[in-house]
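Shown next, in structure tokens, is the structure this report addresses.
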Amino acid sequence: MNKRLIVLTLSMLLTLTLLATTIYAYYFDRKETGSVDLTLGEVSFSWSGSFITDFVMPAQELVATPFTLNNQSTVETELRFSVSASTSLLGTVELEDIFAVYEFDADWVLESDGYYYYRGTDTDALSEPGKYKIPTNVFQIPVLISLKLDGYVIRNEHVGQTVSLTLIFQAKQGPFIDWATLGTTNYDFSTGQ
């Protein structure tokens, strides 16, 4: 009985010690962090511009009204796009294979990853190195200025055939995230989805 009382007492003391340590750690082991500013807002762009609607001849200007992105975002954003071309006869091809001229605005820079990034003089490139944030007061961003078919490639056999130019834009909130962190998604400006 004496041994049992000693074991019981030691077990009770050990339990109380563990309980006191846990309570002490819970209430007194705190760490404070500095302040963090979070910006909430909407990243929103609309697309405008037009192609000619009549029959097309090689070397004829196809852009009737230059294409622009209209910025309606409520937060600083970053933009990039990829581009591909195809014809119903040739399939997917490089731009220079079917277009004699394809001119994007000078503020778009083609990087080694195959994306064109917006690097306009109106972007904030100083606050976070490596980022070119578009302020909310930049309302129009020119994209496609000129487009002309190459007559040596697009010939008589292309009469009545479809030639496609596809630009896939990606936009993100400027601060706190980089392109490598994001996944990809497709957005159709005509349907809003």
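Each peptide in 15-21, 148-154 gets a packing score, the mean of other Cβ atoms within 10 Å over its residues, and the list from highest to lowest is 148-154, 15-21.
For the stretch 73-155, the relative contact order comes to 38 percent (Cα pairs under 8 Å, sequence separation of at least 6). Each residue of the stretch 104-119 is assigned a 3J(HN,Hα), and the resulting list reads 9, 4, 4, 6, 9, 10, 7, 9, 5, 7, x, 9, 8, 10, 7, 10 Hz, derived from the Karplus form 6.51 cos²θ - 1.76 cosθ + 1.60 (θ = phi - 60°), x at Gly and Pro.
Which GluC sites (Glu not before Pro) in the stretch 94-136 sit in a loop by DSSP (not H, G, I, E or B) and have at most 16 other Cβ atoms within 10 Å of their own Cβ? Here the GluC sites (Glu not before Pro) that fit, given the DSSP loop and packing criteria, are E94, E111.
Taken together, the values in this text are just the output of simple stated rules run on the coordinates, not laboratory data. This one's a predicted model, so the numbers in the text were calculated from it and none came from an experiment. Glycine also receives a Cβ, built like all others from the backbone with ideal geometry; neighbour counts cover every protein chain displayed.
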